[in-house]
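**Student:** Once you've had a glance at the structure underneath, I'll fire off some questions.
The values are calculated or read from the model by the stated rules, or taken from the named source; none is laboratory data. No experiment lies behind these values; they were computed from the predicted model shown. Here the Cβ positions follow ideal geometry from the backbone for every residue, glycine too, while neighbour counts run over all protein chains shown. Note: accessible area is taken over every heavy atom of the protein model, side chains too, but ligands, DNA and RNA are not part of it. Shrake-Rupley method; radii C 1.70, N 1.55, O 1.52, S 1.80 Å.
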Amino acid sequence: MEYVQERVTTLHALTDHRPDAPTGRAAVVVPMTEREYGTLAAERVLTALESVDPARVIVPLRATPDRAGPFASWLGGFDLDVETLWCDGPRLADLLAAHDLDGDRGKGRDVWLGLGRALGEEFVVVHDADTATYSPAFVNRLLFPIAHGHEFAKGYYARVEDGALYGRLFRLFFRPLVRALADAHDAPVVQFLEAFRYALAGEFAATTDLVSKLRIQRGWGLEIGTLGEAFDHAGFAGSAQVDLGRYEHDHRSVDGPTGLADMSRAVGAATLRVVDDAGVDVEYDALVGRYREAAEELIHRYATDAAFNGLEYDRADERDQVDTYADAVSEPGPDDRLPAWDDAPLSPPAVVEAARADLESVSDLEGVTGSTPDATLGTTPPQRDGSRTGGGDR
């Protein structure tokens, strides 16, 4: 067992205890895509949430019109107050465009829409739906520090599956990048990023007061961008991280669409924007070399740790990944973050109304209104083969 405290409050899962937490005063935001429809992982998450009984579950859904209605119907079959917020409908798109908020779609945009709806509750919990080892204790653990004086809490866990180390984007890109920055800049924001044991985890909780102040990255930079906002509004004293124990979800390839290489560019841009926003003058010409040096040192340590635990470890493959990720170490481009809801030019109720009308229109095509969460379409979810999507092997 270990009890090490980082620069932020660190809560360790030393037992299987499920702490008391104000789940009945919390909204749980679970972003999904149409690929989660009927999967074992998503079903496990939603079934577990039935025993948590939060005030509401909000599912920002990215799906085509022909899948949105059946998906909403499937979600309505759980014993939960589930609200499907369809993120791809035409009315919602027109509403966002009218307020100059259209642009790239991605996980961050979906979560931003869900967070606006969640502001009606006292607390907010966000997590993915592709977790094969999901436990109802996750919500309690994430909320516990929020109920005890903190404004922001992030989950962490070890990614060890199939006899090997995972969490490759964190281990081989984010961690050495931040270490390279720390070697050159004694800046509080860099120390803050270093304090989190799994900065790319998709699980966090916060007060709605804090959530209303968060500017959100549109895509894969969501997690790091959120940490930067937490630094600005909660700081070291108001932030915590929570051990969520064993955690398994899907693994992404390095190359290809939505692979880790694509994700590294978004994560790199978000990280360097966070640092830039805090006034750190990054020496980009030297940063790539420092990143490679830090990554090589960490590869040596990972190899030793893997051998100690009897795990497989391929140094050559890890170095190849570092070569790929090095291309993402560059000055961030234009800032396309979505505004904090406190400053947004539209209201969450307007988003909800547009999304609901969009969902009703596609559900009407199936012969139902879709206006109530438990409407049934008479459709059968696809084969529940356990396939998982969402955050992936960050």
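**Student:** Taking region 213-224, which residues are open to solvent by less than 10 Å² (accessible area, probe 1.4 Å) and among the small types (Gly, Ala, Ser)?
**Tutor:** GLY221
**Student:** Output the qualifying pairs, or none if there are none: Cβ atoms under 6 angstrom, residues six or more apart or on different chains, first residue in region 225-236 and farther than 15 Å from ASP209 by Cα, second residue in a helix (DSSP H, G or I).
**Tutor:** GLY225/ALA270; GLY228/VAL274
**Student:** To continue, here is another question. How many of the residues making up region 345-369 are open to solvent by less than 20 Å² (accessible area, probe 1.4 Å) and either assigned to a loop (DSSP other than H, G, I, E, B) or modelled with pLDDT of 95 or more (or both)?
**Tutor:** 7
**Student:** Given the structure, is PHE236 open to solvent by 20 Å² or more (accessible area, probe 1.4 Å), in a helix (DSSP H, G or I) and among the aromatic types (Phe, Trp, Tyr)?
**Tutor:** no
**Student:** Are any residues in region 64-85 more than 20 Å from GLY120 (Cβ to Cβ) and charged (D, E, K, R), and if so, which ones?
**Tutor:** ASP66, ARG67, ASP79
**Student:** I would also like to ask the following. Given the conditions (1) open to solvent by 30 Å² or more (accessible area, probe 1.4 Å); (2) closer than 25 Å to LYS154 by Cβ, report the number of the one that ALA42 does not fulfil.
**Tutor:** Unmet condition: (1).
**Student:** Now a separate question. Inspect region 304-317 for any residue being surrounded by 15 or more Cβ atoms within 10 Å (Cβ to Cβ), modelled with pLDDT of 95 or more and either within 25 Å of the chain's Cα centre (by Cα) or in a helix (DSSP H, G or I) (or both) and give the result as yes or no.
**Tutor:** yes
**Student:** For the subset of region 289-348 comprising residues that are among the basic types (Lys, Arg) and in contact with a helix residue (DSSP H, G or I) (Cβ under 9 Å, 6 or more places away or on another chain), which member is nearest to GLY114 (Cα to Cα)?
**Tutor:** Ranking the qualifying residues of region 289-348, first place goes to ARG337.
Results for (1) under 19 Å from VAL126 (Cβ atoms); (2) buried (at least 24 other Cβ atoms within 10 Å of the Cβ); (3) modelled with pLDDT under 95, shown as yes or no for each residue.
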residue: LEU11; (1), (2), (3): yes, no, no
residue: THR15; (1), (2), (3): no, no, yes
residue: ALA27; (1), (2), (3): yes, yes, no
residue: GLU50; (1), (2), (3): yes, no, no
residue: ARG62; (1), (2), (3): yes, no, no
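**Student:** Could you pull out the residue among PRO257, PRO188 that is modelled with pLDDT under 95 and farther than 22 Å from LEU119 by Cα?
**Tutor:** PRO257
**Student:** Answer with yes or no whether VAL280 is more than 11 Å from VAL329 (Cα to Cα), in contact (Cβ under 8 Å) with a residue 24 or more places away in the chain, open to solvent by less than 20 Å² (accessible area, probe 1.4 Å) and outside any helix (DSSP H, G or I).
**Tutor:** yes
**Student:** Are there any pairs, at least 6 apart or on different chains, whose C-beta atoms fall under 9 Å, with the first in region 85-97 and closer than 16 Å to LEU115 by Cβ and the second among the small types (Gly, Ala, Ser) and open to solvent by 40 Å² or more (accessible area, probe 1.4 Å), and if so, which?
**Tutor:** Partner pairs satisfying both residue conditions: LEU96/GLY103.
**Student:** Turning to a different aspect of this structure: Pairs under 6 Å by beta carbon, first residue of a type in the set (Lys, Arg) in region 1-16, partner open to solvent by less than 70 Å² (accessible area, probe 1.4 Å) and not in a loop (DSSP other than H, G, I, E, B), six or more apart or different chains?
**Tutor:** Final answer for the pair search is ARG7/GLN191; ARG7/ALA195.
**Student:** Go through (1) under 28 Å from VAL190 (Cβ atoms); (2) assigned to a helix (DSSP H, G or I); (3) of a type in the set (Asp, Glu) and name the single condition GLU331 misses.
**Tutor:** All conditions pass for GLU331, except number (2).
**Student:** Next question, about the same structure. Could you pull out the residue among ARG62, ARG35 that is within 21 Å of the chain's Cα centre (by Cα) and farther than 28 Å from ASP209 by Cα?
**Tutor:** Of the residues listed, the single one that is within 21 Å of the chain's Cα centre (by Cα) and farther than 28 Å from ASP209 by Cα is ARG35.
**Student:** Considering each residue of region 64-85, count those that are touching a strand residue (DSSP E or B) at 6+ places or on another chain (Cβ under 8 Å), open to solvent by 10 Å² or more (accessible area, probe 1.4 Å) and part of a helix (DSSP H, G or I), and give that number.
**Tutor:** 1
**Student:** Of everything in region 26-53, what is touching an Asp or Glu at 6+ places or on another chain (Cβ under 8 Å) and either among the aromatic types (Phe, Trp, Tyr) or closer than 18 Å to PRO348 by Cβ (or both)? Give them in sequence order.
**Tutor:** Answer for region 26-53, where residues must be touching an Asp or Glu at 6+ places or on another chain (Cβ under 8 Å) and either among the aromatic types (Phe, Trp, Tyr) or closer than 18 Å to PRO348 by Cβ (or both): ALA26, ALA27, VAL30, PRO31.
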